[in-house]
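This report concerns only the one structure given below.
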Amino acid sequence: MPSPGLLVLFGSQTGTAQDVSERLGREARRRRLECRVQALDSYSVVNLIREPLVIFVCATAGQGDPPDNMKNFWRFIFRKNLPPTSLCQMDFAVLGLGDSSYAKFNFVAKKLHRRLLQLGGRALLPVCLGNDQHELGPDAAIDPWLHDLWEKVLALYPVPLDLGVIPAGVPLPPKFTLHFLPEAPGICSEEPHGAGTDPPGPPSEQQPFLAPMVTNQRVTGPSHFQDVRLIEFDIAGSGLSFAAGDVVLILPENPAGHTQQFCQALGLDPDQTFTLLPQEPGERGAGGGPAVGTRSPYPAGVRGPTQPSPCPPAAGVPCPARLPQPCSVRHLVSHYLDIASVPRRSFFELLACLSPHELEREKLLYFSSPQGQEELYAYCNRPRRTILEVLCDFPHTAGAVPADYLLDLIPPIRPRAFSVASSLLAHPSRLQILVAVVQYQTRLKERRRGLCSSWLASLDPGQGPVHVPLWVRPGGLTFPETPDTPVIMVGPGTGVAPFRAAVQERVAQGRNGNFLFFGCRSRHQDFYWEAEWLDLEKRGCLTLFTAFSREQEQKVYVQHRLRELGPLVWELLDHRGAHFYLAGNAKCMPADVSEALMSVFREEGGLSSPEAAAYLARLQRTLRFQSETWA
């Protein structure tokens, strides 16, 4: 009899939900269940009516928004004309990932759970609420929830007695086989797949535009603690179009030194080329080893602790579109594998399976166990130790990792999002971004560096042509189309970037009701676009309010300016129908600004505290209060 099928659908913004979904897929296969793992928007949602068992893994992005790769699904599932018996044949469970410091903690998972019940689905469990703020991260909620989930699932679909559960220490077959070529082919494209000069459609993650970098200019003072760059790209002929509030996605590269170090640690030849082949069902022999005629997943002379065991295949796994075929090892490591990321628990689980070294394997197993999570957090998450550094800490294991498992072990480099900081109406055929270069020290000797910001800062178009793979998508901010609607924009630090695009766009359209609250440390060190703002103010196109936090004994922030200018803020919002926008760091500023607004509503509008809260909620519900914040 064929094993029953489990479907895992995820909506992921940063990769955590995808990682949890792939963990679910592995655990299902260990229990002899066929399992498909897909992003929600890559799944044909009309087929849900035929699915018997579905697990939804959903992050909550921004202010209660669904992630980008589930927005189409979200619109469909909340259509009012769906019959209440649509999903009456489906057992389901919802696992949510969120951050309790946000007002709408796990909003997407909670709302989806309720909607699936409305459509007739049967919930196996209450919704799981993973929390980034927990000292052990979302796993603190996920681990016990998964234990209960598998009890429920196995009651419905017991493991066949003649097979049993595949033990955790036994590696599952890899998703792909790297077929190494005997010699390098004459041509091996090192460009992102599909990034040709004449793409068939608008640029996307599968087909980014290789944008020439025009300028890369530091815009903070030489003595300022932070390096912030204004970077401009030429997008002529790209087919890219964007409006104020949109974001650009950029795919970074690993530094050449890290690529070389990784290849040395794993015993890989960076110049060797390969083709990538998806692992097909039935390719493994009945005893769990490789089928006749295929290459062992372990290097010559090295045997893993236990050979992979036969199990249902990972269904429907296509080759990554971003990898050229054939591909060099150097290109795979530098352009695709995220060796600079902090490894997740799943990394240690698989690494333990592949380790032939007793002491290292024992430590890896402990790190991947529930009882080892506190020590793993101290070793990995707190100091922000990278995958590359972990592999160097476990040299015997790293040297034994079969190449076929690289794409199972290490996640792909994720694109980084930046607010577009320019308008096509002001800068035709150009796209500008404001980039704060991320650098900080932990207890580790080497400084931590943001992969994308450090890579961008290192590029110098003055030394020769520089091309950066990018594409754009709608952001979380949309500006009013009515010409006489004023806008209040609060953008401290690099949060001002989307408002520069908005001001440029609105001024070009003849819309002058622009009120900008900008905050930074010092007018002489990090007052971005000072001359441009002052010129617009002189021309009557902009009203600018500044908060320079370090120029007086008492620190002054944008929320203080909002309170000081309470009469104007209330007049704009309550009498002139203004829209209010907020962008910047998510840590404390959004809550401080919201509290300042509530104070204005109480003092200038005469509202009680509950009325002020209701007024703010109404502004948010009608999209007259919008925010885009990042950690």
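The values are calculated or read from the model by the stated rules, or taken from the named source; none is laboratory data. Just so you know, these numbers come straight off a predicted model, no measurement behind them. Virtual Cβ from ideal backbone geometry, glycine too; neighbours counted across all protein chains shown. For accessibility, only protein heavy atoms count, side chains too; no ligands or nucleic acids. Shrake-Rupley method; radii C 1.70, N 1.55, O 1.52, S 1.80 Å.
Here are some notes:
- Qualifying residue in the stretch 405-413 (condition: in contact (Cβ under 8 Å) with a residue 12 or more places away in the chain and open to solvent by 60 Å² or more (accessible area, probe 1.4 Å)): no
- Residue pairs meeting the criteria (Cβ under 9 Å; at least 6 apart or on separate chains; first under 15 Å from R506 (Cα atoms), in the stretch 524-546; second basic (K, R)): E532/R500; W533/R500; C541/R506; C541/R511
- Number of positions in the stretch 317-367 that are among the hydroxyl-bearing types (S, T, Y), open to solvent by 10 Å² or more (accessible area, probe 1.4 Å), touching a residue at least 12 places away in the same chain (Cβ under 8 Å) and farther than 28 Å from S204 by Cα: 1
- All of V472, V487, V507 fail the test of being open to solvent by 20 Å² or more (accessible area, probe 1.4 Å), over 24 Å from A436 (Cα atoms) and of a type in the set (A, V, I, L, M, F, W, C), apart from V507.
- Residues considered: F515, F418. Of these, the only one that is closer than 15 Å to E628 by Cβ and out of contact with any Phe, Trp or Tyr (no Cβ under 6 Å at 6 or more places or on another chain) is F418.
- Members of the stretch 31-74 found to be closer than 23 Å to Q89 by Cβ, without any contact (Cβ under 8 Å) to a residue 60 or more places away in the chain and among the basic types (K, R), listed by number: R50
- Residues in the stretch 248-272 that are of a type in the set (D, E) and in contact with a Ser or Thr (Cβ under 6 Å, 6 or more places away or on another chain): E253 only.
- Selected residue (criterion: nearest to the chain's Cα centre (by Cα)) from residues of the stretch 622-631 that are of a type outside the set (G, A, S) and within 19 Å of V600 (Cβ to Cβ): Q626
- On inspection, A59 passes the criterion of being modelled with pLDDT of 90 or more and not hydroxyl-bearing (S, T, Y).
- Q38 assigned to a strand (DSSP E or B) and buried (at least 17 other Cβ atoms within 10 Å of the Cβ): yes
- Output for the stretch 237-258, where each listed residue is under 25 Å from P318 (Cβ atoms), modelled with pLDDT of 95 or more and not in a strand (DSSP E or B): L251, P252, E253, N254
Yes/no per residue for (1) closer than 21 Å to E595 by Cβ; (2) of a type in the set (D, E); (3) modelled with pLDDT of 95 or more:
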site: L516; (1), (2), (3): yes, no, yes
site: R521; (1), (2), (3): no, no, no
site: T543; (1), (2), (3): no, no, yes
site: V556; (1), (2), (3): yes, no, no
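- Residue-level check: of (1) outside any helix (DSSP H, G or I); (2) modelled with pLDDT under 95; (3) more than 24 Å from the chain's Cα centre (by Cα), F105 misses just (3).
- Candidates are the residues of the stretch 377-389 that are surrounded by 20 or more Cβ atoms within 10 Å (Cβ to Cβ) and among the hydrophobic types (A, V, I, L, M, F, W, C); the one that is nearest to the chain's Cα centre (by Cα) is I387.
- Checked against (1) open to solvent by 60 Å² or more (accessible area, probe 1.4 Å); (2) under 22 Å from G62 (Cα atoms), P126 meets all criteria but (2).
- From L146, L112, residue being part of a helix (DSSP H, G or I), touching a Leu at 6+ places or on another chain (Cβ under 8 Å) and surrounded by 19 or more Cβ atoms within 10 Å (Cβ to Cβ): L146
- From the options Q371, Q325, residue that is within 30 Å of E135 (Cβ to Cβ) and modelled with pLDDT under 95: Q371
- Checking every residue in the stretch 203-225 against the condition of being modelled with pLDDT of 90 or more, open to solvent by less than 30 Å² (accessible area, probe 1.4 Å) and in a helix (DSSP H, G or I) gives zero matches.
- Qualifying residue in the stretch 256-266 (condition: more than 24 Å from E505 (Cα to Cα), polar (S, T, N, Q), surrounded by fewer than 20 Cβ atoms within 10 Å (Cβ to Cβ) and out of contact with any Leu (no Cβ under 7 Å at 6 or more places or on another chain)): yes
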